[in-house]
Amino acid sequence: MYTKLVKKEVLKWCFPLILLSILSEAQEVNLEQYPKATIENDQVSMLVYLPDAKKGLYRGTRFDWSGMIGSVLYQGHEYFGYWKNTHDPMVHEDLTGPVEGYIKPGLGYEEAAPGSGFIRIGVGVIEREAESEYQWKKTYNVLDHGDWSVNQGSDWISFTHQVNGDFGYGYHYTKTIRLKGNGFVIEHKLRNTGDKPIETDQFNHNFFMIDGTVSGPAFTIKFPYDISTGDDLKDLMRIDSNELHFLKEFRDTNLFLTLTGYSEQVEDHEVTVLNTKSGAGVSLSMDQPIYRMCFWACETTLCPENFIWISVPPGETMDWNSDYRLFVE
């Protein structure tokens, strides 16, 4: 179990980040050097990486910097970890899950001229480049990181991010991870402090790594509705009513699927992942309707990617929660 930490950290960043070459910091994985915190209750122990513009585990512009979970231990089972064998803080996918982000380019991207700013929620004001469309794999220059603060108790940690652009968009965003019995809740509160409405998608990549088991027949992924897909399963997986099953272990391969079959009912926003080899599993649900549901897996991680739609008029606030329930069969 991790040592309990009870502390308050306030990190304020108001300087531009110099974009480094994608390969400049590539190295064998050593995550001990990055700022982190631990929380725990009598059943769950969690390690969380902290946002930091100079020293953070993740300094890319694809994902929200807050609430990146590096480890969750429950009844001797591990649910997350680092899924790659190299690490570069500037690479768009070099992080641990759950991690949240946005497929849409960002607030104000379409109207921004090259060299001016747009906003990525959970990152800051980003410099638009001379390009025809947003490149989600690219790490852009950050013009303004906004103001971050981190507060922590024994069994919770909270991240607050304030960003105000001079082009009509701004927000006050708080994400709190709270341990709860045999699991945890990720609470979100987004207040629109700008003059323009915030309209965007939001998703969680999750990056489950349950007990280090290779993605394959040991896992079952279950939904509360019959699923279907228009994508090619490539003889790697099969759909059985409301379940996804692997036909073989993933070795040097990966698969991405867009799943359908859900309704607009909040009750459909749930997915359960079970490692039948170790008996460890997790059920994830949200208190918002599904906007989009995808699934991606490679050898080391499997990722139900659940989306919601964010709509916040100026001066108003939207709240939403994600609930993770851990179990062992």
At what distance in nm do the modelled label points of THR220 and LYS84 sit from each other, each positioned 7 Å from its Cα along Cα→Cβ? 3.4
Go through region 231-271 and name the GluC sites (Glu not before Pro) that are in a DSSP coil and have 12 or fewer other Cβ atoms within 10 Å of their Cβ. GLU264
Within the under-13-Å Cβ sphere about LEU73, not counting LEU73, Lys/Arg +1 and Asp/Glu -1 give a net charge of -4
Stretch gain in nm, segment ASN141-ALA113, where the contour uses 0.36 nm per residue and the Cα spacing is subtracted: 8.6 nm
Would you mind checking region 278-321 for residues with the amide N under 14 Å from a putative spin-label position 7 Å along Cα→C-beta of GLU329? 278-283
Per-residue HN-Hα couplings for region 314-329 [Karplus 6.51, -1.76, 1.60; θ = phi - 60°; Hz; x = Gly/Pro]: x, x, 10, 10, 10, 10, 8, 10, 10, 10, 10, 10, 8, 8, 9, 8
Taking H placed 1.01 Å from N in the peptide plane, check which residues at least 5 places from PHE208 or on another chain put their amide H under 5 Å from its amide H. LEU302
Pop a pseudo-label 7 angstrom from the Cα along the beta-carbon direction at both ASP252 and ASN30 and give the gap in nm to one decimal. 2.9
Spin-label proximity, ASP319 to region 181-201 - amide N less than 13 Å from point 7 Å beyond Cα toward beta carbon: 187-191
Which whole-Hz ³J(HN,Hα) couplings does region 163-174 yield from phi under the Karplus relation 6.51 cos²θ - 1.76 cosθ + 1.60, θ = phi - 60°, glycine and proline marked x? 9, 9, x, 9, 10, x, 10, x, 7, 10, 10, 10
Given charges at Cβ of Lys, Arg, Asp, Glu: region 8-204 dipole, positive-most of THR38, PRO114, VAL142: THR38
If one computes the Cα centroid of region 112-160 and of region 48-93, what distance in Å separates the two points? 16
Excluding same-chain residues fewer than 8 positions from LYS277, which aspartates and glutamates have a Cα within less than 14 Å of its Cα? GLU78, ASP211, GLU249, GLU329
Identify the trypsin sites (Lys or Arg not before Pro) of region 186-281 meeting these criteria: DSSP loop state and at most 14 other C-beta atoms within 10 Å of the C-beta. LYS234, LYS248, ARG251, LYS277
Violating pairs (Cα-Cα greater than 24 angstrom) within the set LYS104/LYS189; LYS55/LYS175; LYS36/LYS175; LYS104/LYS222; LYS180/LYS248; LYS84/LYS189: LYS104/LYS222; LYS180/LYS248; LYS84/LYS189
Assuming R0 = 35 Å, what is the FRET efficiency of THR260 and LYS180, from their Cβ-Cβ distance, to the nearest 0.05? 0.65
In region 72-138, which GluC sites (Glu not before Pro) are in a loop and have at most 14 other Cβ atoms within 10 Å, using DSSP for the loop call? GLU110, GLU111, GLU129, GLU131, GLU133
Estimated vicinal HN-Hα couplings, Hz - region 56-72 in sequence order (Karplus 6.51, -1.76, 1.60; Gly, Pro = x): x, 4, 10, 10, x, 10, 7, 10, 4, 6, 8, x, 7, 8, x, 7, 9
Assign unit charges at the C-beta atoms only (+1 for Lys and Arg, -1 for Asp and Glu), then state the dipole size of the chain relative to its Cα centre in Debye, rounded to the nearest 20. 820
Residues of region 67-108 with backbone N under 20 Å of the label point set 7 Å from the Cα of SER132 along Cα→Cβ are 104-106
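None of the figures in this text is laboratory data; all of them are computed from the coordinates on show. A quick note: this is a predicted structure, and the numbers were derived from the prediction, not measured. Ideal geometry is used to build each Cβ from the backbone, glycine not excepted, and the neighbour counts take in all protein chains shown.
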